[in-house]
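Here is the structure we will look at.
The values are calculated or read from the model by the stated rules, or taken from the named source; none is laboratory data. Predicted, not measured: the structure shown is a model, and the values here were computed from it. Cβ placement follows ideal geometry from the backbone for every residue including glycine, while neighbour counts extend to all protein chains displayed. Note: accessible area is taken over every heavy atom of the protein model, side chains too, but ligands, DNA and RNA are not part of it. Shrake-Rupley method; radii C 1.70, N 1.55, O 1.52, S 1.80 Å.
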Amino acid sequence: MGQPHEPDEAGTGSGKPALGVGMVGYAFMGAAHSQGWRTVGRVFDLPRRPVLAAVCGRDGQAVRAMADRHGWAAAETDWRALIARDDVDLVDICTPGDSHAEIAVAALAAGKHVLCEKPLANTVEEAETMAAAAAEARERGQMSMVGFNYRRVPATSLARSMVAEGRLGALRHVRVTYLQDWLVDPEFPLTWRLRKEYAGSGALGDLGAHIVDLAQYLAGEPLVGVSALTETFVRQRPLPVAASSGLAAVTETGGVGTVTVDDAALFTARFASGALASFEASRFATGRKNSLRIELNGEHGSLAFDLERLNELSYHDHTEPGTHAGFRRILVTEPEHPYLDAWWPPGHGLGYEHTFVHQARDLVHAIAAGRPPVPSFADGLQVQRVLAAVEESAEKNSVYTSIAV
């Protein structure tokens, strides 16, 4: 049974080549990624030693405070200066989607590896540019990856291996919901997440990107068409006076502005094999804080995962006699389960933050091995094409829309 490795004084294993990380963006996702980079070398035996070289944000005082709090050695206020630093080998992009393409392409051109938060971009065109730059950079040895962290939950990783082993047989159905309620209050201010020019889309890109990627990952095949509805329930919101971060509200306002993204998206879809899927993403589901649920039904069995029961996987083996068949709980905390040989004894569960530790682990191993990490920018582009097809279908009154290849 694996236990956490004893750290050196820096906590990441002296004697191994350093991997200098520079992060752009320092709010909610910046904090989550910082936790991942700060912790990964203390838990896993890595071939390279992650070093938190520098973090970047436009507000010099705020980014310096963030650097001190999360252990970054330096702070920058210009992402171009961060990319130019000799001590930065990998650029981690945690900014709103409108800047992903520019930063990622520049970082790859400068010879840096890149980790980019989801969704990959705000448009298919931007995502295509990023995927092309990533493919070219890979020939030079630079690696790139999209931050779909829910792939790194041990239970979902186990589910993927069970599907790949044929435990479910031919896939018939996939149903997914991702529900939050932080926009229910009509007085919640018009933050960047509610403006298309910054966020690209609303619940669709914020939550829908996660569940589209997770569904395709678990199924092991792409979606090929969708029929969709989207809705914006509150179309005018107070303008924030002060800057906001994460999902926090700002109480002082100055007038109102128009919400230019969706509040909820609902769509059906078809996989390449003919399996059917349904997706629901909403930030108006009263009482739901971060509720992600997915179920896969196949000819030989079913799997179900609920993020609120993150250490569990439900499995039904339909080949068993009906007298004692049914869903059973798999507690995903054994050392034989994905990622768990380095953590705690069986039964000692992990949490949300650990997905970012696992993400960092996988990326460091891929870089050291010269192996393209997954999900790749090409995978991110595929998700972007699904999101674009959803928007197109919704604009055409739910007309079935094929997903571009």
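What is the number of the single condition among (1) open to solvent by less than 10 Å² (accessible area, probe 1.4 Å); (2) touching a residue at least 40 places away in the same chain (Cβ under 8 Å); (3) touching a helix residue (DSSP H, G or I) at 6+ places or on another chain (Cβ under 7 Å) that ASN122 does not meet?
(1)
Restricting to segment 25-40, give me the number of residues that are outside any loop (DSSP other than H, G, I, E, B) and open to solvent by 10 Å² or more (accessible area, probe 1.4 Å).
To start, the set of residues in segment 25-40 that are outside any loop (DSSP other than H, G, I, E, B) comprises 28-40.
Subset that is open to solvent by 10 Å² or more (accessible area, probe 1.4 Å): 28-29, 31-32, 35, 38-39.
Count: 7.
What strands (runs of 3 or more DSSP E) lie completely within segment 261-337 and have 1 or more residues being over 19 Å from MET162 (Cα atoms), among the hydroxyl-bearing types (Ser, Thr, Tyr) and open to solvent by less than 60 Å² (accessible area, probe 1.4 Å)? Show your work before the answer.
Numbers: elements: 264-271, 276-282, 291-298, 301-306, 312-317, 328-331.
By residue number, 276-282, 291-298.
Can we say GLU353 is surrounded by fewer than 19 Cβ atoms within 10 Å (Cβ to Cβ), within 24 Å of LEU207 (Cβ to Cβ) and of a type in the set (Asp, Glu)?
Working: surrounded by fewer than 19 Cβ atoms within 10 Å (Cβ to Cβ): yes; within 24 Å of LEU207 (Cβ to Cβ): yes; of a type in the set (Asp, Glu): yes.
Yes.
Being loosely packed, with under 14 Cβ neighbours inside 10 Å, modelled with pLDDT of 95 or more, among the polar types (S, T, N, Q) and more than 18 Å from ASP181 (Cα to Cα) is the requirement here; does THR258 meet it? It would help to see each step written out before you state the result.
Working: loosely packed, with under 14 Cβ neighbours inside 10 Å: yes; modelled with pLDDT of 95 or more: yes; among the polar types (S, T, N, Q): yes; more than 18 Å from ASP181 (Cα to Cα): yes.
It is true that THR258 is loosely packed, with under 14 Cβ neighbours inside 10 Å, modelled with pLDDT of 95 or more, among the polar types (S, T, N, Q) and more than 18 Å from ASP181 (Cα to Cα).
Given (1) assigned to a loop (DSSP other than H, G, I, E, B); (2) without any contact (Cβ under 8 Å) to a residue 40 or more places away in the chain; (3) in contact with a Gly (Cβ under 8 Å, 6 or more places away or on another chain), identify the lone condition not met by LEU46.
Against the list (1) assigned to a loop (DSSP other than H, G, I, E, B); (2) without any contact (Cβ under 8 Å) to a residue 40 or more places away in the chain; (3) in contact with a Gly (Cβ under 8 Å, 6 or more places away or on another chain), LEU46 comes up short only on (2).
Go through (1) in contact with a Phe, Trp or Tyr (Cβ under 8 Å, 6 or more places away or on another chain); (2) open to solvent by 50 Å² or more (accessible area, probe 1.4 Å); (3) at pLDDT 95 or above for ARG237 and report which single condition fails.
(2)
Applying the selection to segment 86-110, what residues are surrounded by 18 or more Cβ atoms within 10 Å (Cβ to Cβ) and more than 22 Å from the chain's Cα centre (by Cα)?
Selection gives VAL88 alone.
So, in segment 200-241, of the ones that are part of a loop (DSSP other than H, G, I, E, B) and among the charged types (D, E, K, R), which residue ends up nearest to LYS118 (Cα to Cα)? Give the derivation first.
Keep residues of segment 200-241 that are part of a loop (DSSP other than H, G, I, E, B), which gives 200-202, 220-222, 232-235, 241.
Going one step further and asking which of them are among the charged types (D, E, K, R), we end up with 221, 235.
On the way: GLU221: 19, ARG235: 25 Å.
Among residues in segment 200-241 that are part of a loop (DSSP other than H, G, I, E, B) and among the charged types (D, E, K, R), the one nearest to LYS118 (Cα to Cα) is GLU221.
When you go through (1) closer than 15 Å to VAL374 by Cα; (2) open to solvent by 10 Å² or more (accessible area, probe 1.4 Å); (3) touching a helix residue (DSSP H, G or I) at 6+ places or on another chain (Cβ under 6 Å); (4) of a type in the set (D, E, K, R) one by one for ARG193, which number turns out not to apply?
The number of the failed condition is (1).
Return yes when ALA75 is without any contact (Cβ under 8 Å) to a residue 40 or more places away in the chain, open to solvent by 30 Å² or more (accessible area, probe 1.4 Å) and assigned to a strand (DSSP E or B) and no when it is not.
When the stated conditions are applied, ALA75 passes them.
In segment 196-218, how many residues are of a type outside the set (Asp, Glu) and open to solvent by less than 10 Å² (accessible area, probe 1.4 Å)? If you could, list the steps in order and put the result at the bottom.
First pass over segment 196-218, keeping only residues of a type outside the set (Asp, Glu): 196, 198-205, 207-212, 214-218.
Adding the requirement that they be open to solvent by less than 10 Å² (accessible area, probe 1.4 Å) leaves 200, 202-205, 207-209, 211-212, 214-215, 218.
So the answer is 13.
Show the residue pairs that are 6+ apart or on different chains and have beta-carbon atoms under 7 Å apart, the first residue being within segment 371-383 and within 16 Å of GLU136 (Cα to Cα), the second being open to solvent by 60 Å² or more (accessible area, probe 1.4 Å) and at pLDDT 95 or above.
PRO372/ARG138; LEU381/GLU128
Within segment 395-404, does at least one residue satisfy the condition of being over 18 Å from VAL21 (Cβ atoms) and surrounded by 20 or more Cβ atoms within 10 Å (Cβ to Cβ)? Working first, answer last.
Our first condition is that a residue be over 18 Å from VAL21 (Cβ atoms); within segment 395-404, this holds for 395-404.
This time we only want the ones that are surrounded by 20 or more Cβ atoms within 10 Å (Cβ to Cβ), so: 401, 403.
Yes, because at least one residue in segment 395-404 is over 18 Å from VAL21 (Cβ atoms) and surrounded by 20 or more Cβ atoms within 10 Å (Cβ to Cβ).
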